[in-house]
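Novice: One structure is given below, represented as structure tokens, and several questions about it will come after.
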Amino acid sequence: MTTLSTLLMLAAAPGQVGSGRLVGGWGYVWACYAVTIASLALYALSLWVRRPGASPDAKE
């Protein structure tokens, strides 16, 4: 119980609590965008490579 009360006192100490905002997180946001775009591009490429070919007797 002492550990819990110590943690609560540390969390409530003036000057120890943050503003509740993330600072400098844009690098992670852009990294997530890059991973998402790369994943979608690779998926589109895999669909294009695996596309079914037209049969020789098919009329267009």
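Since every read-out is calculated from the coordinates, none of them should be taken as a lab result. Keep in mind that this is a model prediction, so the values were computed, not measured. Glycine also receives a Cβ, built like all others from the backbone with ideal geometry; neighbour counts cover every protein chain displayed.
Novice: Each label point is 7 Å from the Cα along the Cα-to-Cβ direction; what then is the distance between the points at residue 23 and residue 38, in nm?
Specialist: Placing both labels 7 Å along Cα→Cβ, they lie 3.0 nm apart.
Novice: Any chance you could run the full-extension gain for residue 31 through residue 51? It's 0.36 nm times the residue separation minus the Cα-Cα distance, nm to one decimal.
Specialist: Values: separation 20, 0.36 × 20 = 7.20 nm, distance 3.01 nm.
Stretched fully, the residue 31-residue 51 segment lengthens by 4.2 nm.
Novice: Short version: ³J(HN,Hα) in whole Hz for each residue of the stretch 37-45, in order, from phi by Karplus 6.51 cos²θ - 1.76 cosθ + 1.60 (θ = phi - 60°), x for Gly and Pro, what are they?
Specialist: 5, 5, 5, 5, 5, 5, 5, 4, 5
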